[in-house]
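This report refers to the structure that appears directly beneath it.
The values are calculated or read from the model by the stated rules, or taken from the named source; none is laboratory data. Worth saying up front: this structure is predicted, and the values here are computed from it rather than measured. Heads up, the Cβs are rebuilt from the backbone with ideal geometry, glycines too, and the neighbour counts pull from every protein chain shown. Side chains included, ligands, DNA and RNA excluded: accessible areas come from the protein's heavy atoms. Shrake-Rupley method; radii C 1.70, N 1.55, O 1.52, S 1.80 Å.
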Amino acid sequence: MTEQELMEKIKIMIIRRFDSPQDAFNFFDQDHDKGLNRIELMALLKEAGVSGFIRGLAAAKIIQTLDKNKDGLLQWEELEDLIMRAMNR
């Protein structure tokens, strides 16, 4: 799956289910710690229709790439660029 395909799936899921990208982030932040861990990010990707094996790889790669403070969580500020790029496609 290409980055473009992944971003399109995220965009479609957000448009169909949520009022805004921030609402989607808050929904998947199940423990309300203001950051998505790998499991929460995988739930977002699952909801977007990403298959199991790819979902795990994509979640790990997204965290590795975007987790600027290296705490293992993606805060909204770290994930916002990816989400906003997906929404603007």
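Taking the Cβ of Gly49 as the centre, find all other residues whose Cβ is under 11 Å away and add up their charges (Lys, Arg: +1; Asp, Glu: -1).
Taking every other residue near Gly49 into account, the sum is +1.
Between Lys61 and Ile12, what FRET efficiency follows from the Cβ-Cβ distance if R0 is 25 Å, with the result rounded to 0.05?
E(calc), rounded to 0.05, equals 0.80.
What does the charge add up to near Asp29, with Lys and Arg as +1, Asp and Glu as -1, over the other residues with Cβ less than 12 Å from its Cβ?
That sum, taken over residues with Cβ under 12 Å, equals -3.
Where in the stretch 1-54 are there trypsin sites (Lys or Arg not before Pro) that are in a DSSP coil and have at most 14 other Cβ atoms within 10 angstrom of their Cβ?
Lys34
Do you know the relative contact order of the chain, to the nearest whole percent, from alpha carbon pairs under 8 angstrom that are 6+ apart?
36 percent
Magnitude of the Cβ-charge dipole of the chain, K/R +1 and D/E -1, about the Cα centre, nearest 20 debye?
360 debye
Express the carbon and sulfur contribution to the solvent-accessible surface of the chain as a percent, rounded to the nearest whole number, probe 1.4 angstrom.
54 percent
May I ask which residue of Ser20, His32, Met1 lies farthest towards the positive end of the charge dipole of the stretch 1-42, with charges of +1 (Lys, Arg) and -1 (Asp, Glu) on Cβ and the Cα centre as origin?
Met1
So what's the projected area for the stretch 1-73, the Cα convex hull averaged over all directions, in nm²?
4.6 nm²
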